[in-house]
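Undergrad: Below is a structure I'd like to ask you about.
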Amino acid sequence: MAEIVLKDVFFRYSPKNNFAISGVTLKVDKGDFVALLGPNGCGKTTLLRIMAGLLPVSSGLVRIDGKDPAKMKRKQFSKIIGFVTQDFAPVYNYTVAQIVLTGRLPYSRGFFSTWSKDDIDAVRNALDKVDGIKFMNSFFYNLSTGEQKRVAIARILSQNTPILLLDEPTAHLDPGHVIKIKNLLKSLNEEGKTLVAAFHDINTALELCNKLALMKEGKILFCGTPEQVMNIENLEAVYDVQLSIINDPKIKHPIVIY
């Protein structure tokens, strides 16, 4: 069953701009982990924002869990899909616990509702998964960029949606926490959650994902399993540089050298 369907989607930020997304068709099935790959400015983040219901398309069809996001109430939609953005920046310098609690708003009766034990447990569980319990009472803007990234991920985990969209989920993290977040994403996918993530690191995508969508200039040029799309010709067509692919029998996926 497809959880995300895009068909011939076009989008531009204003009538004076060129299309940032141009004729994109993509199907994401339940339980998929799809990587969006491509150079800076190719449309990865824009495509995620369209899937998240944050940008209305100029034309084409968008369906999330069989529904049109443009016709859904935001609270209802927020129980289906969670989005970890690159530019997560709260207006106020809330504590980490307060920020992660906002992921529970889709389940509350109102913004000033009393938080339940389930809400508090969800926050602690989410922070534990990103190794963030130790700074749950710290103020968000007192944290490092990498720690803030982990809080943003915890916030969406507390939202407990079947679909997760992630924009560069391992950016700004030290090697130890890159490994922890990669393991977390693997386990979430193994639990049955559907994930779509934009990556700059091709090798991380190869390690984690069962489908790759290679983008350039607002289009998906190649889409399929790593075995179907991961070759020198496709990579050089997308990135305009010479690359090498190494197959190491000790590692289950190919390694791209650049």
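The values are calculated or read from the model by the stated rules, or taken from the named source; none is laboratory data. Just so it is clear, the structure is predicted and the values come from calculations on it, not from any experiment. Using ideal geometry, Cβ is built from the backbone for each residue, glycine included, and neighbour counts are taken over all protein chains shown. These accessible areas exclude ligands, DNA and RNA; they are computed on the full protein's heavy atoms, side chains included. Shrake-Rupley method; radii C 1.70, N 1.55, O 1.52, S 1.80 Å.
Undergrad: For region 34-54, give me each residue that is aliphatic (A, V, I, L, M) and either surrounded by fewer than 19 Cβ atoms within 10 Å (Cβ to Cβ) or within 14 Å of Leu166 (Cβ to Cβ) (or both).
TA: Within region 34-54, Val34, Ala35, Leu36, Leu37, Leu47, Leu48, Met51, Ala52, Leu54 qualify.
Undergrad: Given the residues Val91, Val62, Val34, Val57, which is the only one that is under 13 Å from the mean Cα position of the chain (by Cα) and of a type outside the set (S, T, N, Q)?
TA: Val34
Undergrad: Within the set of pairs 6+ apart or on separate chains, which have a first residue in region 120-145 that is within 22 Å of Ala89 (Cβ to Cβ) and of a type in the set (S, T, N, Q), a second that is open to solvent by 100 Å² or more (accessible area, probe 1.4 Å) and modelled with pLDDT under 95, and C-beta atoms under 9 Å apart?
TA: From residues that are within 22 Å of Ala89 (Cβ to Cβ) and of a type in the set (S, T, N, Q), the pairs are Ser144/His172; Thr145/His172.
Undergrad: Between Asn189, Asn183, which is open to solvent by 30 Å² or more (accessible area, probe 1.4 Å), of a type outside the set (Lys, Arg) and either over 30 Å from Ile245 (Cβ atoms) or touching a residue at least 24 places away in the same chain (Cβ under 8 Å) (or both)?
TA: None of the other options fit; the residue is Asn189.
Undergrad: Only residues that are over 26 Å from the mean Cα position of the chain (by Cα), of a type in the set (S, T, N, Q) and either surrounded by 15 or more Cβ atoms within 10 Å (Cβ to Cβ) or not in a loop (DSSP other than H, G, I, E, B) (or both): list them for region 232-258, please.
TA: Ser244, the sole residue that qualifies.
Undergrad: Next up: Inspect region 77-100 for any residue being open to solvent by 80 Å² or more (accessible area, probe 1.4 Å), β-branched (Val, Ile, Thr) and within 20 Å of Arg150 (Cα to Cα) and give the result as yes or no.
TA: Yes, some residue in region 77-100 is open to solvent by 80 Å² or more (accessible area, probe 1.4 Å), β-branched (Val, Ile, Thr) and within 20 Å of Arg150 (Cα to Cα).
Undergrad: Additional query: Can you name the condition, by its number, that Ile153 falls short on among (1) open to solvent by less than 60 Å² (accessible area, probe 1.4 Å); (2) more than 22 Å from Leu101 (Cα to Cα)?
TA: Looking at each condition in turn, Ile153 falls short on (2).
Undergrad: Among the charged types (D, E, K, R) and over 18 Å from Glu217 (Cβ atoms): which single residue out of Lys44, Lys30 fits that description?
TA: Of Lys44, Lys30, the one residue that is among the charged types (D, E, K, R) and over 18 Å from Glu217 (Cβ atoms) is Lys30.
Undergrad: Which pairs turn up if I take residues in region 214-239 that are closer than 14 Å to Lys44 by Cα and look for partners that are of a type in the set (Lys, Arg) and crowded, with 17+ Cβ neighbours inside 10 Å with beta carbon separation below 8 Å, at least 6 apart in sequence or on another chain?
TA: These pairs meet every condition: Met215/Lys44; Cys223/Lys211; Val238/Lys216.
Undergrad: While we're here: Return yes or no: is Gly31 surrounded by 14 or more Cβ atoms within 10 Å (Cβ to Cβ) and on the phi > 0 side of the Ramachandran plot?
TA: Yes.
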